[in-house]
Amino acid sequence: MNGLRGSVEIARLTFLEARMRKMLWAILLLGAAFLILYAIGFHLIYADIREHMSGSAARLLEPTNFFVMAGLYAINFLVVMLAVLTSVDTIAGEIASGTIQTIVTKPLRRWQVVVGKWLGLALMLGVFTVVMCAALLLIVKLIAGYMPNNPVTAIGLIVLEGLVVLTLSILGGTRLSTLTTGVVVFMLYGLAFIAGWIEQIGSVLRSDAAVNVGIVVSLIMPSEAMWKRAAYLMQPPFLRELGFSATPFGAASAPSEAMVVYAVLYTVVALAVAVRWFNRRDL
Amino acid sequence: MLIETHNLRKTFGDTVAVDSLTLSVGAGEVFGFLGPNGAGKTTTVKMLLGLVAPTAGEARLLDHRPGDPAIMGRVGFLPEQFRFPAWLTAGDFLDVHGRLYGLPAAERRARIPRLLARVGLADRARSRLGEYSKGMMQRVGLAQALLNDPALVFLDEPTSGLDPLGRREVRDLIHELRAAGVTVFLNSHFLSEVEVTCDRVAIVKRGRVVRIGTLAELTRQTTEVEIRAAGLTAEVVMGLERWGRAIADLGFGIADSASPIRNPQSEIRNADSARLTLTIASEDVLPEITGYLVQSGARVYAVAPQRISLEELFMRVMEEEE
Ligand SMILES: Nc1ncnc2c1ncn2[C@@H]1O[C@H](COP(=O)(O)OP(=O)(O)OP(=O)(O)O)[C@@H](O)[C@H]1O
Ligand SMILES: [Mg+2]
């Protein structure tokens with residue numbers, strides 16, 4: 001079987017698994033529930049605010065922006081959770097149960113198994129991210145007529161964050177047990193989250209040391225940095241000029257474009273290492 | 001040769017799982033791989049399939065590196081640990097694996113029901129594997145191993161979970177495979193099963209092959225001959241000891257010093273016909289023995305080689321020291 005076809009068969013299998021185990025339905029239903037709840041909540045609160053702040057449209061911008069960022073941040077968090085939970089068992093679990101043995105003894109190369117699983121999960125995660133973010137922005141647009149800056153780039157960055165986490169989790173699964181991988185990836189995510197804050201506060205206080213700590217951790221785990229950049233790009237310019245984030249979800253300073261390139265490279269390298277580790281391991 | 005290994009070795013830390021294994025299996029052979037628990041059978045099969053990397057030595061499968069995708073389409077494998085995804089139905093499971101083999105849809109549609117029927121699961125094709133019993137799981141694994149009409153099949157203890165009927169069915173299946181010219185590498189603990197299915201057998205012990213050959217060769221190597229003759233003197237019987245160890249029917253060695261028939265001149269009691277068993281190295285000496293007996297004046301009624309069973313051979317091999 002040629003390279004692409006083998007990977008596509010494995011990707012198809014991950015999709016089939018998600019469907020047969022009712023995971024797709026659960027995500028679809030709960031995602032819809034999230035959006036409906038968000039729409040109702042935003043609608044009610046927006047109507048309330050408009051009543052109290054009658055007249056000035058500009059003054060409505062700040063609370064609206066707050067709601068958009070809070071909603072997107074919640075989605076961003078769901079994406080990270082889903083990235084880990086859907087992928088953490090896919091290789092480690094099949095090695096532990098032995099089901100991998102009948103798969104890798106088919107006319108496939110091992111890299112096709114890793115890349116195929118990555119492809120299937122990345123596709124599902126990507127579609128989920130794009131649909132959820134787009135739906136949320138659409139809800140806000142319909143209710144408040146507001147669209148943050150750079151929505152497409154921002155969604156792309158959230159997808160990239162999901163892929164970073166997903167790939168790391170697949171990488172862990174080629175060496176470690178399911179549980180250990182899950183713990184490691186979540187810990188790294190938590191670390192990056194805290195480091196993001198240290199960097200933000202450091203930049204407000206002009207503490208180079210704090211900023212550097214943040215950057216180093218972002219290099220180890222470039223997940224939260226993607227959200228920070230997305231949030232920064234979406235901020236209305238007047239909020240950006242305040243020099244600090246108006247919401248706890250936003251960002252006063254943005255990780256640079258170089259960090260985005262780094263995150264892409266990081267993902268590619270992590271996948272390559274996952275292939276290499278899986279290739280060398282006894283099954 | 002479909003399978004060839006040369007000094008294949010695998011260690012896990014300090015444990016030597018397989019220790020310089022050299023063997024070859026030819027096309028159309030049903031090859032039995034026997035050994036006690038932990039002898040290295042599963043590890044060997046895994047090395048032959050590219051699942052486990054050897055520490056040293058070399059293995060070739062269909063003239064390729066083990067695991068090479070170029071040949072794996074012609075290889076079938078039933079793992080020892082037959083756990084398959086619980087969320088798939090048997091039909092879907094086989095369809096997925098058919099796809100992984102690259103079988104076109106029409107072929108999958110034709111073969112899958114036939115194989116399910118062949119392993120006795122025709123009426124359970126739509127059940128999820130999670131609802132399957134152990135033996136049913138093994139049966140579906142067997143169907144999976146034969147999905148691609150393989151030229152070479154590895155069966156790692158294919159009947160460990162099966163009922164007596166299932167065992168019989170697998171035995172018949174292996175006979176069918178042999179008739180179809182398929183090469184089978186069989187790991188098994190059921191010696192009676194190996195005895196009736198295998199052309200050639202290797203017995204492994206602590207990662208080393210200690211016996212290898214056709215069943216006939218192996219069970220002939222240490223043969224017992226039953227001799228029934230009249231007019232035997234103790235002297236004549238003692239003369240037999242040059243070919244092997246003779247045991248009289250009474251249960252003692254002829255040459256034992258405590259033997260009641262030490263007196264060379266005395267004719268053995270029950271002169272009409274004495275029965276004794278002689279353990280010899282090979283059947284080749286039978287004519288010599290017969291000639292000797294006749295020349296000594298004994299009236300020979302029977303010189304009958306007794307094949308030992310595979311089980312007996314296995315037990316003896318296990319008792320041997322290194
Ligand atoms: N993954 C592993 N890690 C460490 N040791 C292993 C591993 N796999 C096998 N071994 C060791 O290698 C030796 C051979 O194991 P193997 O599974 O090949 O035996 P076997 O002949 O198939 O036994 P059984 O009849 O019980 O199936 C054993 O001592 C076992 O403990
Ligand atoms: Mg075994």
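Values quoted throughout were computed directly from the atomic coordinates according to the rules given, and no laboratory measurement underlies them. Bear in mind the structure is a predicted one, so any value in this text is a computation, not a measurement. All Cβ positions, glycine included, derive from the backbone under ideal geometry; neighbour counts span all protein chains shown.
When only Cα pairs below 8 angstrom with a gap of at least 6 residues are kept, chain A shows a relative contact order of 24 percent. From a point 7 Å beyond the Cα of B:Glu283 in the direction of its Cβ, which residues of region B:194-215 have a backbone N at a distance under 12 Å? Only B:215 pass the distance filter. The distance from the alpha carbon centre of region B:115-144 to that of region A:80-130 is 25 Å, rounded to a whole number.
Averaged across B:140-148, how many Cβ atoms of other chains sit within 10 Å of each residue's Cβ atom?
Values: counts 0, 1, 0, 0, 1, 2, 0, 1, 2.
Going residue by residue through B:140-148 and averaging, the value is 1.
When DSSP assigns beta bridges and you keep just the ones with both residues in chain B, what percent turn out antiparallel, to the nearest 5? If I count the DSSP bridges inside chain B, around 70 percent turn out antiparallel.
Can you give the local net charge around A:Tyr189? Use residues other than it whose beta-carbon is closer than 12 angstrom to its beta-carbon, Lys and Arg +1, Asp and Glu -1. Overall, the nearby charge balance is -2. Taking a straight Cα-Cα cut-off under 22 Å and skipping sequence neighbours fewer than 8 places away in the same chain, the lysines within cross-link reach of A:Lys117 are A:Lys22, A:Lys106. Lys-Lys pairs in region B:3-219 that are eight or more residues apart or on separate chains and whose Cα atoms lie under 15 Å of each other come to 4.
Could you compute the net charge surrounding B:Leu62? Neighbours are other residues with a C-beta less than 11 Å from the C-beta of B:Leu62; K and R count +1, D and E count -1. Summing Lys/Arg as +1 and Asp/Glu as -1 gives 0. If you take every DSSP beta bridge whose two residues both sit in the protein assembly as shown, what share of them, in percent to the nearest 5, is antiparallel? Within the protein assembly as shown, antiparallel bridges account for around 70 percent of the total. Taken residue by residue and averaged, Cβ atoms of other chains lying within 10 Å of the Cβ of A:4-11 number 2.
FRET efficiency for the pair A:Ile220 and A:Thr180, taken as 1/(1 + (r/R0)^6) with r the Cβ-Cβ distance and R0 = 22 Å, rounds to 0.80. In a fully extended conformation the segment linking A:Arg19 and A:Arg276 would gain 89.6 nm over its present Cα-Cα distance, using 0.36 nm per residue.
Inter-chain Cβ neighbour count for A:26-37, averaged per residue, equals 0 (cutoff 10 Å, partner chain atoms only). Label positions at A:Val261 and B:Glu176, each projected 7 Å from the Cα along the C-beta direction, are separated by 6.3 nm. Site pair B:Arg299 and B:Ala56 shows an inter-label distance of 6.4 nm when each label is modelled 7 Å from Cα along Cα→Cβ. With all pairs of different C-alpha atoms in the average, the Kirkwood value for the hydrodynamic radius of region B:3-219 is 17.7 Å. For A:Lys141, a cut-off of 29 angstrom between C-alpha atoms picks up these lysines, skipping any fewer than 8 places away in its own chain: A:Lys228. Taking each residue as 0.36 nm, the span from B:Asp163 to B:Glu320 lengthens on full extension beyond its C-alpha to C-alpha distance by 53.2 nm.
Calculate the dipole size of region A:3-280 relative to its Cα centre from +1 charges on Lys and Arg beta carbons and -1 charges on Asp and Glu beta carbons; express the result in debye to the nearest 20. Let's see the in-between values first.
On the way: 19 positive and 13 negative charges, 196 e Å.
Dipole about the Cα centre, nearest 20: 940 debye.
Around B:Thr5, with a cut-off of 14 angstrom between Cβ atoms, what is the net charge of the other residues, counting Lys and Arg +1 and Asp and Glu -1? In short, +3.
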